[in-house]
Amino acid sequence: MLPVVDPPKRDPYAPPKIDPAVAAGWLVGFLRDECLGRRGVENAVVGLSGGVDSAVTAYLCVRALGPRNVHLVRMPYRTSSPASLHDAQLVIDALGAVGRTVDITAAVDGYLQFEPEADARRRGNVMARTRMLVLFDQSAKLAALPIGTGNKTERLLGYFTWHADDTPPINPLGDLFKTQVWELARYLGVPSAIVDKAPSADLEANQTDEGDLGIRYARADAILSSMLLGYRDEQLRARGFDGAEVALVRRRVEGTHWKRHLPTTAMLTNTAINEFYLRPVDY
Amino acid sequence: MREDSEAVPARVALVQSKPRKGAYAENLAALRAVFSQLATLEPLPELIVLPEAALTGYFLEGAVYESARGAELFGHEISSLWRDVAGQRPVEIAAGFYEVENGSYYNSAIWLALDERETRILNVHRKLFLPTYGVFDEERFLSRGNRVSVFDSPLLGPTSLLICEDAWHSIVPTIAALKGARAIVVPSAAPGRGIEGDGELLSISRWRELLRGIAMEHGCFVLYAGLAGFEGGKGMTGSSRAIAPDGEILVEADAREGCIVRAELFLDDVEIARANLPLLGDLRAVLPDLLADDELPWLRGRTDAAGR
């Protein structure tokens, strides 16, 4: 009898691969090129939530620009978890970067007092847009480039506030799935209290991303990474993915294409910007 | 191609054999045992691929004249073995052998399709590139083939058989892919050499890179069945492997031991790979211009490649 060599057991839900050292080196190069090379800006400003995405972004910025040129702004609202504020401080302390806390409660409530019936989703969007207002103003004050922190998973699932989280002109993590961001965080030495906790938008008590989304990040990432290659739902099911989860992910991706684009502009002339008049972003 | 190929992967078994030199009957008996084993596997393989010179060993020198067989006879012997142990259960079998036809000898590979009713020879590929340098001496004893064929495997769809060095010339798998091949199947006998490598012989690494390159450039499956065992001090490097159209090594055997390597192929991965890296489509568009280049040696009158 000959020994039988079988292929490794195929786990359709194996997370998308990443070599964190390679990714980190590449992203540091990206940040230096965009800030120092293209714009001649030596400072960066990052909104620090206490979560893993903004922590990883902060770590990369410090590698690229040095700790004294990285401004990390905590922007709590009165209902924000104290643990988030604490975790954000861990990052500031670990990196030796410039820390600042701007409480957004008064700004948010200044508007929401006129909208007492606003539900959690609207309130969360107001908070997110207020944070971006603060970030851009700090950017002007400090001559610092705002750095985005959104990851690929939330971008694909539309799990972010349009014209808020996605607004900064550059984003190092936007092509990394959440599970890859976790890998990168471990490699960079982000405190485990941040890497290992359940991700949360921290807009309500006990809120978690995975509870909101209805699927674990690890499973969504595996589905997304195959779906984006062009596999149809029946092909994904044939490869071992759960049909209900595939449908959920497909629905979220296909319902949010608009969130990954600039506003739709009516074309009226032969010189419509970005339709006829085309120039690269770095031209 | 099977109608349910989107839902159910194709099941392949690569037989990494270690034949005894020139002992055809003994090796055939050993293959019967392998087929018996394969017939007990659940699920049953739908395609079995054997290496180059699978039942004789590779380095035969003048003994190739005593070991060669007609394709019909070889196909009959192989298919009869399967019928004996597996009855009428359908299977496709690819195997390398030394072929004789009308006094000419070839290093060939056959593709058989066995169904409930009949056995058909779908293709006999004659090795195009006969290595005759260093340790190799094929052209002294063998004639060259002159065509890359693509035939319709009931399991895999359009498929091409190449033998060993055929795959080293990038134009050969390119022609196969241009003619429509979705799978390239390579029976091989590769003596190992190069101890400067990192953890394995250099020739094994080179083969892996080469085959992955073929898969990725053309968006096709590559199945490689390598002969194993030593032949007079020259160690064959086995390493039978299945490679997906995106270059992923689905499975790979060790170099030295005889074994059966199983793989499952989702055949619609070809469409995905070609959509994501449409090099083959690009080549189709540009190839006519490339071939019409009057600086190419065969279009410059009667000069040879060195311009003589």
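For peptide A:4-12, what's the mean number of Cβ atoms from other chains within 10 Å of each residue's Cβ? Walk me through the numbers before you get to the answer.
Numbers: counts 8, 15, 6, 10, 3, 0, 3, 0, 0.
Mean inter-chain Cβ contacts per residue within 10 Å come to 5.
Which of these, B:PRO19, B:PRO131, B:PRO158, has the largest mean-square fluctuation under a Gaussian network model of chain B (Cα springs below 10 Å)?
Judging by the Gaussian network model, the answer is B:PRO131.
In square nanometres and to one decimal, what's the mean projected area of the convex hull around the Cα atoms of region A:109-246?
On the way: hull surface 43.5 nm².
Projected over every direction and averaged, the Cα hull of region A:109-246 covers 10.9 nm².
State, to one decimal in nm, how far the label point of B:SER170 lies from the label point of A:LEU262, with both points 7 Å from Cα in the Cβ direction.
Roughly 3.9 nm, to one decimal.
So if the hydrodynamic radius of region A:44-149 is defined as the Kirkwood radius over C-alpha pairs, what does Stokes-Einstein give as its diffusion coefficient at 20 °C and 1.002 mPa s, in µm² per second? Write down the numbers at each step before the final one.
On the way: Rh = 14.1 Å.
D, rounded to a whole number, is 152 µm²/s.
Which of rounded, prolate, oblate describes region A:183-243, given a ≥ b ≥ c as roots of the alpha-carbon gyration tensor eigenvalues and a/c under 1.5 marking rounded, otherwise prolate only if a/b is larger than b/c? Don't skip to the answer; put the middle values down first.
Values: a/c = 3.41, a/b = 1.68, b/c = 2.04.
It is oblate, given that a/c is not under 1.5 and a/b is not larger than b/c.
When the Cα centres of region A:76-98 and region B:1-55 are compared, how far apart do they sit, in Å?
Spelled out, the Cα-based centre of one part sits 62 Å from the other.
Under 10 Å from the Cβ of B:SER108, count the other residues' Cβ atoms, weight Lys and Arg +1, Asp and Glu -1, and hand me the total.
Working: positive: B:ARG69, B:ARG126, B:LYS127; negative: B:GLU52, B:GLU99, B:GLU101.
Net of charged neighbours comes to 0.
With the convex hull built on the Cα atoms of region B:156-201, state its orientation-averaged projected area in nm².
On the way: hull surface 16.7 nm².
Mean orientational projected area (region B:156-201, Cα hull): 4.2 nm².
So, R0 is 22 Å and r is the distance between the beta-carbons of B:ASP137 and B:GLU26; what FRET efficiency does that work out to, to 0.05?
Numbers: r = 25 Å, r/R0 = 1.12.
My answer for the efficiency is 0.35.
What does the extension gain come out to for B:SER36 and B:ARG206, with contour length at 0.36 nm per residue minus their alpha carbon separation? Please list the in-between numbers first.
Working: separation 170, 0.36 × 170 = 61.20 nm, distance 3.38 nm.
Here the answer is 57.8 nm.
Take every Cα pair under 8 Å in region A:20-210 that's 6+ residues apart, average their separations, divide by the length, and report that relative contact order as a whole percent.
Working: 311 pairs, mean separation 49.7, N = 191.
Computed value for region A:20-210: 26 percent relative contact order.
Taking a ≥ b ≥ c as the square roots of the eigenvalues of the Cα gyration tensor of region B:1-106, is the shape rounded (a/c under 1.5), prolate (a/b larger than b/c) or oblate? Can you show the working numbers first?
Numbers: a/c = 2.21, a/b = 1.85, b/c = 1.19.
Taking the square roots of the gyration eigenvalues as a ≥ b ≥ c, region B:1-106 is prolate.
Using a Cα-Cα cut-off of under 15 Å, which aspartates and glutamates could be cross-linked to B:LYS21, ignoring same-chain neighbours fewer than 8 residues away?
B:LYS21 reaches B:GLU52, B:GLU61, B:GLU66, B:GLU231.
What distance in nm lies between label points placed 7 Å from Cα along the C-beta direction at A:ASP196 and B:GLU66?
7.0
For a quick size check, give me the Cα extents of region B:138-278 along its three principal axes, largest first, whole Å.
Taking max minus min along each principal axis of the Cα atoms, region B:138-278 gives 44, 35, 26 Å.
Over all directions, how big on average is the projection of the convex hull of the alpha-carbon atoms in region A:79-135, in square nanometres? Spell out each step's value before the answer.
Details: hull surface 17.3 nm².
One quarter of the hull surface, i.e. the mean projection, equals 4.3 nm².
Give the Debye-formula value of log10 I(q)/I(0) at each listed q (0.11 Å⁻¹), with one equal scatterer per alpha carbon of chain B, two decimals each.
Those come out to -0.65, one per q.
Cα gyration tensor of chain A, axes a ≥ b ≥ c as square roots of the eigenvalues: rounded (a/c below 1.5), prolate (a/b > b/c) or oblate? Please list the in-between numbers first.
On the way: a/c = 1.39, a/b = 1.32, b/c = 1.05.
Cα axes put chain A in the rounded bin.
Measuring from label point to label point, each 7 Å out along Cα→Cβ, what is the A:ARG239 to A:ARG121 span in nm?
Each label point is offset 7 Å from its Cα along the Cβ direction, giving 3.1 nm.
Say R0 is 25 Å: what FRET efficiency, to the nearest 0.05, do A:ASN274 and A:ALA218 get from their beta-carbon distance? Don't skip to the answer; put the middle values down first.
Numbers: r = 36 Å, r/R0 = 1.45.
The computed FRET efficiency comes out at 0.10.
Using alpha carbons only, what's the Rg to Rh ratio of the protein assembly as shown with Rh from Kirkwood? Before the final figure, lay out each step's value.
Working: Rg = 30.8 Å, Rh = 28.1 Å.
Rg/Rh: 1.10.
Excluding residues on the same chain fewer than 8 positions from A:LYS197, give the lysines whose Cα lies under 30 Å from its Cα.
Reachable lysines: A:LYS9, A:LYS17, A:LYS152, A:LYS178, A:LYS259.
Using DSSP loop states and a limit of at most 15 other Cβ atoms within 10 Å to flag chymotrypsin sites (Phe, Trp or Tyr not before Pro), what is the longest stretch of chain B containing no flagged site?
Details: sites that count: B:TYR133, B:PHE136.
The reported range is B:137-308.
Sort B:HIS169, B:HIS125 by Cβ crowding within 10 Å, fewest neighbours at the top. Walk me through the numbers on the way to the answer.
On the way: B:HIS169 13, B:HIS125 26.
If I rank by nearby Cβ atoms, fewest first, I get B:HIS169, B:HIS125.
Taking R0 as 60 Å, what's the FRET efficiency between A:ALA140 and A:GLU254 from their Cβ-Cβ distance, rounded to 0.05? Intermediate values should be presented prior to the final figure.
Details: r = 37 Å, r/R0 = 0.62.
Using R0 = 60 Å, I get an efficiency of 0.95.
Based on a Kirkwood Rh over C-alpha pairs, give the Stokes-Einstein translational diffusion coefficient of region B:48-124 at 20 °C and viscosity 1.002 mPa s in µm²/s.
168
Only helices at least 24 Å long along their axis, Cα-based, and averaging -0.5 or more on Kyte-Doolittle count here, so list those DSSP H runs from chain A. Walk me through the intermediate numbers first.
Numbers: long enough: A:120-142 (32 Å, -0.30).
Span-like helices in chain A: A:120-142.
What dipole magnitude, in Debye to the nearest 20, does region A:20-210 give about its Cα centre under +1 on Lys/Arg Cβ and -1 on Asp/Glu Cβ?
Values: 19 positive and 22 negative charges, 105 e Å.
The calculation lands at about 500 debye.
Expressed as a rounded percentage, what relative contact order does chain B have, with Cα pairs under 8 Å and six or more residues apart? Intermediate values should be presented prior to the final figure.
Working: 679 pairs, mean separation 55.7, N = 308.
Computed value for chain B: 18 percent relative contact order.
Where a number appears in this text, it was derived from the coordinates with a stated rule and is not lab data. In this text the structure is predicted, and so the values were computed from the model without any measurement. FYI the Cβ positions are ideal-geometry reconstructions off the backbone, even for glycines, and counts take in every protein chain you see.
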